[in-house]
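First comes the structure, then the notes that go with it.
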Amino acid sequence: MRFYRSHVLVCGGTPCILEGCKAVRDALTEELKRRGLDEEVRVVETGCLGPCDLGPVIVVYPEGTLYEKVAVRDVSEIVEEHLLKGRIVRRLTGEGRLAGIVSYKEPEYLECQERIVLRNCGIIDPSSIEEYIARDGYRALAKCLTEMEPCDVIEVMKQSGLVGRGGAAFPTGLKWSFTANAVADEKFIICNADEGEPGTFKDRLILEGDPHSILEAMAIAGYAVGAERGFVYIRGEYSLSIERITKGIEQAKAMGLLGRDIFGSGFSFDIEVRKGAGAYVCGEETALIESMEGGRGEPRVKPPYPGTHGFLGMPTVVNNVETLGNIPRIILNGPVWYRGFGTPKCPGTKVFTMTGDINSKGLIEVPMGITLRKIIYEIGGGIPGGRSFKMAQTGGTSGGCLPGEMLDVPMDYFTLPEMGSALGSGALLIMDDSHCIVDIAESFMRFFVRESCGKCVPCREGTARLHHIVEKIAIGNGTYEDLRVLEDLSHAMQKTALCGLGQSAPIPIMTMLKYFKDEFEAHIKDKLCPTGTCRL
Amino acid sequence: MDVMPASLDSLESTIKEIVARHGRSEHELLAILDDVQRAFGYLPENALIEVARNLDMPLGKVYGVATFYTLFSVEPVGEHVIRVCENAPCHLLGADTLIDVLSQELGIPMGGTTSCGKFTLKHTSCLGVCGVAPAIMIDDEVYGNLTPDDIPVILEKYR
Amino acid sequence: MVTIDGLRVQVDAGTTILEAARKLGVDIPTLCHHPDLEVQATCRICVVEVEGEKLLQPACAFPVRDNMVVRTNTPDVRSARRVNLELILAHHPTDCLQCIRNRNCELQALAERLGIREVRFERKLRGIPLDESTPAIVREPDKCISCRRCVAMCRDVQAAAVLWPVGRGVDTVVAPACERELGDVACALCGQCIHACPVGAIAERDDTEKVFRALADPTRHVVVQTAPATRVSIGEELGFPPGEIFTGKLVAALRRLGFDKVMDTDFTADLTIIEEGNELLKRIKEGGPLPLITSCSPGWIKFGEHFFPDLLEYVSTCKSPQQMFGALVKTYYARHSGIDPKDIFSVSLMPCTAKKFEAERPEMASSGYQDVDVVLTSRELGRMIREAGIDFANLPDEEHDSPMGISTGAAAIFGATGGVMEAALRTVYEVATGLELPSIDFQEVRGLEGIKEAEVMLGDMKVRVGVAHGLANAKRILELVRDKERVYHFIEIMACPGGCVGGGGQPIPTNMEIRGIRGNALYVADRLLPLRKSHENPAIKQLYEEFLMEPLGEVSHRLLHTHYTERSKYPVSCYPMSQNACD
Ligand SMILES: Cc1cc2nc3c(=O)[nH]c(=O)nc-3n(C[C@H](O)[C@H](O)[C@H](O)COP(=O)(O)O)c2cc1C
Ligand code: SF4
Ligand code: SF4
Ligand code: SF4
Ligand code: SF4
Ligand code: FES
Ligand code: FES
Ligand code: FES
């Protein structure tokens, strides 16, 4: 391997691409070549580095300096000053609001963050399998195949306490054991990369930034449950993820890390990519399977569950991208190590995506149980423009809305539901006091009207009615009776809708009515919006 | 991958070729419809019939699938489809204004197609780039961190 | 052992809560559930509380497990159930008074049962126009509650797969392919979707007005024929339980309504056996084409024309008994009675919606006029009898008019699956061998098994016969034939499950259990009749002597036989290769 004195990581995640990182990368390569530095400094395009709203983002190693909003015209200065003369270009390192990230070191040293799933994101070139292997890639698979029985692998997963990160928080080890115990001609592993929850883009960036970790985890899952085929179901809009994972599969096959008789163990595993075509509900595992079978992505009646009756009626493990991302580490470092993170009940880390009125929007990975306050004010840099915090919606549009009093609630899969909310996919939408609750509620409900699959009554009809009633209130035509109807309707939907979409559609409304009822009442009684921002 | 735009005349052979590429299996329906739409711009009835025939599956089922997913259209659409995200993260940061500007610039409401057949304006579910909200997608290209001023500049590229 | 509302019951594993509750006499309300169809679990009306489950669970889908404790009437359950019903009602017209399903509608009954007095949501309708594109079936999409029972029926039971959910979310509708009209697509017009539908979103085209008008017209000689399966079902339309035969009262009621002659399709059923039996023997003698496939079910014929055009040569050229009757009534009967055929108005009473289509086929005018002017289903006749205020229960039993009113037991069983086959075998055996059958009951071809098979020795020849009812079974047997996996000489196909007793025009409800009961009643009728073989019918003998001369002869050929039309599976469009699916 050639020795470089410096590495420049250029973030190649989709948000940064949108901000023009490719041009920056080209300019950088060009400039280095022009100055004859291309033998000494290597430019690496990586996956998401985290602060996606500051793109294009680059990091210069070994110093670990993060430059944000880098434009092509800045490139010569960075090369001249930093790479040639060793002087950091302060002008581009931001205003220090990215505490802990500005002096970008090995992620393990980051103050609040804990990088297990994202350990390679922003460190390696995702299109290079060699770089993945160089950071212990495929060692976990090798360990499983050569040192462990399938039941040992499942036992490790059970002991680790890992629960699914796709929203339902089902214990992964237990899920695998159902499929492992099922007797069938064929079994399947599906990686659920249909990420569609508004405000969530973690799976996209994991797939873009570290595709091999997902492929490796799928093979491990395959070995554990006795499946030889896997599918990555990626939403059609995620073209870069599709490209990266497709390329990753090719590379792994070429190196014998996927395909027939991996490591001479006799275990074979193949992975294919399936593309979605625009339907949020296809993230629901049985809808996803319907879609993979070429049908309308409508959820199936459960039981039976996919673990025993999934794709083509065969036992199938469906796991979220982030869930899978944890697995190679857990295998290599053991369950005890993993339980060292997070809370006893909910070990490990969680990847969050921060959006809305927050200084630093983007991707972070933190231990389970961290408080909302810490995320918003210590990692996220607080609320911009001197405004104050009004509410945070956790878990995406189908999650609940928490007011300021709840800032110190620990964020994990068990505490948030007690507050009427959910951790869900890990989306965090922060809203400042300039926004109207009713207006936002209307926007949430519009989402569900559009995304309901239309199969079951409470959701098909109910989402439209929720939206209709909120809209009525928003334009000043609401009545107190409407609030009572909202409650009965929400109850029916939560209790009787066929799938999680209809069951959680009323959650935002219910929590808003709980914590911000006065604002609804102002719209009804005084026909007035307290924030003065909505249509009234 | 892009299939070359085909005229309706070569519909039969184009679809046969697409189906052959993916395999004659109902399970490939989404991938097949995706390619058929790339070839014809949308999913005309004739094309759906041809797909049903090639896969030996009920036309009603093919149509049911084609009308379920938002990336498919059974109606003709403009040469470029502009999808605007107006989900909460984008909504908070001004998606409504973007919609107003787009509608005004193009002279069409959401869901409409310009009379010249160049643009169709639709909404989309979250594009997964909420870190750079508000965002829109034109064909396969995503644009983020948009302000109303960006719109005319972006549209110019497609005009 | 499970506990439901405090009552304990022992049930098999895999039983649903709904079934377990019914065993206990607890009738959980349902709407999208249909005993013969795949579980839909879309309406969420049947939800119940299951101890240990966070959510309410649909009783129609949720399997019981040991020691499960279920409550079906808690405040939580009642509130959610009510909201779900109100949601449906708010998206449904309040047309009960003008509705074809008034007083026989599952939605209406449910609203009554749950005591709905107000709907707390603003009423909104889809505003989709009526589909009156076919002569048989009318769809009223605004009344559709998207339960999808018809989808399962058409796809799983009838294999036509015409109806599918279209679109997404609140805009989802259930519609034929490409949101075409029914007349544009490969619909068999079997009407089974009507039996699936809990509401008035799909129904028969109501032709009662045309008949009332003809009856009132003194220049018209109005003749009616009664199909085998209607005598066993008409009672249900008039409040009797299934399984009773009302031939005599039916005839009397028709006379009261003013029909000039009440004759019997059973007569031409016997005739069909003679013609078809001879066709079979001829084909066996001439070496094919075999198998011979029966042709009396117009739903099957239309299905075959769409989906099995390559097998049409096997289908018997015999017209259905309805059309044989129609052709004869305006020729043979006209001559016999000295009435000008142009003054004859020929009505048929059928269990079937597809017969309405069959009567309007252009080739069904061999008398020089449209052979059958109007087809009434059992339901429509029920409506006419009710409107006319006829006290059906207390009518005397009356006899059919001659000459086309005399029939045998063989004709009666035409209405049940396997009946045509059994009737044919009774005749073919005796005609071919000249021997009397030792036992005329062919048990192997009776019953509700989807595909039934039997072997019969005709002299030293072993004849293999097959029977399929319901178009999915028809499809299965035809594929066996097409793929040469099975060799048959003779196949009976009925479009409707259970045969004509389960026809699309029969009283609602019609389900598997009721189909079986009606079929069994026909076998009882057969046993009670003095003559049980078609070739023994004296009126048929007379018909051949006076008019037809011989089976498969020239007159028969002209009046009693027909040909078939290849139809596309796909709707017409600008696409050059396809032709109109329903011309
Ligand atoms: C409406 C709906 C949307 C969902 N979307 C996703 C998704 O985008 N990605 C995902 O991994 N899981 C999603 N889920 C959860 C999946 O059904 C399933 O629980 C998950 O993929 C299981 O993986 P896990 O155990 O690793 O979390 C969704 C569920 C519902 C009800
Ligand atoms: S809850 Fe909504 S998305 Fe889920 S099955 Fe019902 S209609 Fe479809
Ligand atoms: S379908 Fe039923 S509920 Fe609807 S209008 Fe007709 S009778 Fe009334
Ligand atoms: S009439 Fe028969 S074939 Fe036609 S839609 Fe109804 S069930 Fe399907
Ligand atoms: S037409 Fe009738 S059976 Fe079919 S979905 Fe609508 S209500 Fe249900
Ligand atoms: S994509 Fe570049 S920082 Fe997230
Ligand atoms: S909300 Fe608009 S891109 Fe996610
Ligand atoms: S009857 Fe059970 S959900 Fe409809």
Taking the Cα centre of chain C as the origin, how large is its charge dipole in debye, to the nearest 20, when only Lys and Arg (+1) and Asp and Glu (-1) carry charge on their Cβ atoms? 1380
Taking every alpha carbon pair in segment B:6-63, what does the distance histogram look like in 10 angstrom bins from 0, in percent? 26, 64, 9
On C-alpha positions alone, give me the angle between the axis of helix C:298-307 and the longest principal axis of chain C, in degrees, nearest 10. 80
Taking the alpha-carbon centre of each part, the distance from segment C:277-325 to segment C:147-211 in Å is 27
Counting all C-alpha pairs of segment C:406-453, share separated by more than 12 Å (%): 62
Relative to chain C, whose Cα atoms define the longest principal axis, helix C:471-482 and its Cα axis are tilted in degrees, nearest 10, by 50
Compute the accessible area per residue over the protein assembly as shown, keeping the other protein chains in place, probe 1.4 Å, unit Å². 35
Between C:Leu55 and C:Glu122, what length in nm is gained on full extension when 0.36 nm per residue of separation is reduced by their alpha carbon distance? 21.4 nm
Restricting the count to DSSP beta bridges whose residues both fall in chain C, what percent are antiparallel, rounded to a multiple of 5? 50
Rg and Dmax of segment C:83-221 over Cα atoms: what are they, in angstrom? 16.7, 57
Could you give the distance between the Cα centres of segment A:451-496 and segment B:110-129, to the whole Å? 27
Could you tell me, in Å, what Rg and Dmax come out for the Cα atoms of chain C? 24.7, 79
The alpha-carbon center of segment C:20-97 and that of segment A:120-143 are separated, in whole Å, by 51
Mind pulling the angle between the C-alpha long axis of helix C:419-433 and the longest principal axis of chain C? Nearest 10 degrees, somewhere in 0 to 90. 20
Take the Cα atoms of the protein assembly as shown, find their three principal axes, and give me the spread along each one in whole Å, biggest first. 119, 70, 67
Taking H placed 1.01 Å from N in the peptide plane, check which residues at least 5 places from A:Val273 or on another chain put their amide H under 5 Å from its amide H. A:Val232
Enumerate the calculated ³J(HN,Hα) couplings along segment A:345-362 in order (Karplus 6.51 cos²θ - 1.76 cosθ + 1.60, θ = phi - 60°), each rounded to whole Hz, writing x wherever the residue is Gly or Pro. 7, 9, x, x, 10, 9, 8, 10, 10, 9, 9, x, 8, 9, 4, 10, 8, x
Considering amide H positions built from the backbone, and no H for Pro or chain starts, which residues 5 or more places from C:Ile4, or on another chain, come under 5 Å of its amide H? C:Val9, C:Val70
Given the pairs A:Lys374/A:Lys517; A:Lys527/C:Lys124; C:Lys355/C:Lys533; A:Lys390/B:Lys122; C:Lys261/C:Lys302; A:Lys275/B:Lys122, which span a C-alpha to C-alpha distance of over 23 angstrom in this model? A:Lys374/A:Lys517; A:Lys527/C:Lys124; C:Lys355/C:Lys533; A:Lys390/B:Lys122; C:Lys261/C:Lys302
Cβ neighbours within 10 Å from other chains - mean over A:296-303: 5
Give me the net charge of C:Gln108's neighbourhood, meaning all other residues with Cβ under 12 Å from the Cβ of C:Gln108; Lys, Arg count +1, Asp, Glu -1. +1
Using each residue's phi in segment A:67-73, evaluate 6.51 cos²θ - 1.76 cosθ + 1.60 at θ = phi - 60° and report the 3J(HN,Hα) Karplus result to the nearest Hz, with x for Gly and Pro. 10, 10, 6, 7, 10, 4, 5
Restricting attention to the alpha-carbon atoms of segment C:2-89, what are Rg (one decimal) and Dmax (integer), both in Å? 12.2, 37
Which of the listed residues, C:His306, C:Leu280, C:Thr3, is farthest toward the dipole's positive end in the protein assembly as shown, when Lys, Arg count +1 and Asp, Glu count -1 at the beta-carbon? C:Thr3
Kindly provide the helix-only [θ] at 222 nm of the protein assembly as shown, computed as the sum of -39,500 (n - 2.57) over DSSP H runs of four or more divided by all residues, to the nearest 500 deg cm²/dmol? -10500 deg cm²/dmol
Per-residue average of Cβ from other chains inside 10 Å of C:182-189: 1
Computed over chain C, the relative contact order (Cα-Cα under 8 Å, seq sep at least six) in percent reads 16
Please compute the average number of Cβ atoms from other chains found within 10 Å of each residue's Cβ in peptide A:234-242. 4
How charged is the neighbourhood of C:Phe303? Take every other residue with its Cβ under 11 Å from the Cβ of C:Phe303, and add Lys/Arg as +1 and Asp/Glu as -1. +3
For chains A and C, what's the summed buried accessible area, probe 1.4 Å, to the nearest 100 square angstrom? 2900
Mean separation of Cα contacts under 8 Å (6+ apart) over length of segment A:299-371, as relative contact order %: 18
Order by protection proxy (mean Cβ within 10 Å, highest first), peptides A:511-517, C:97-103: A:511-517, C:97-103
For segment A:411-536, build the convex hull from the C-alpha positions and give me its volume per residue in Å³. 103
With label points set 7 Å from each Cα along the Cα-to-Cβ direction at C:Arg205 and B:His22, the distance between them in nm comes to 3.8
J(HN,Hα) series, segment B:42-47, from Karplus relation 6.51 cos²θ - 1.76 cosθ + 1.60, nearest Hz, glycine and proline x: 8, 10, x, 4, 4, 5
In square angstrom and rounded to 100, what buried accessible area do you get between chains B and A, total over both, with the probe at 1.4 Å? 3500
Once you sort the root eigenvalues of the Cα gyration tensor of chain A as a ≥ b ≥ c, which label holds: rounded (a/c under 1.5), prolate (a/b larger than b/c) or oblate (the other case)? oblate
Hey, can you grab everything whose amide H is under 5 Å from the amide H of A:Ile190? Only 5+ residues off in sequence or another chain; H modelled, so Pro and N-termini drop out. A:Phe231, A:Val317, A:Val318, A:Asn319
With the charge dipole of the protein assembly as shown built from beta-carbon charges (+1 for Lys and Arg, -1 for Asp and Glu) about the Cα centre, the Cα from B:Ser10, A:Phe444, C:Tyr333 projecting farthest to the positive end belongs to A:Phe444
Rounded to a whole %, the carbon-and-sulfur portion of the accessible area of segment C:114-215 at a 1.4 Å probe is 49
For segment C:185-291, the Cα convex hull volume per residue in Å³ comes to 200
Putting +1 on Lys and Arg Cβ atoms and -1 on Asp and Glu Cβ atoms, find which of B:Leu93, B:Pro44, B:Val142 reaches farthest to the positive end of the dipole of segment B:1-144. B:Pro44
Explain nothing, just the number: dipole magnitude of chain A about its Cα centre with +1 on each Lys and Arg Cβ and -1 on each Asp and Glu Cβ, in debye rounded to the nearest 20. 160
Quick calc, segment C:429-564, dipole around Cα centre from Cβ unit charges on Lys, Arg (+) and Asp, Glu (-), nearest 20 debye, gives 480
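The values are calculated or read from the model by the stated rules, or taken from the named source; none is laboratory data. Here the structure is a predicted model, which means the values were calculated and not measured. Note that we place each Cβ from the backbone using ideal geometry, even for glycine, and neighbour counts take in every protein chain shown. With ligands, DNA and RNA removed, areas are computed over all heavy atoms of the protein, side chains included. Shrake-Rupley method; radii C 1.70, N 1.55, O 1.52, S 1.80 Å.
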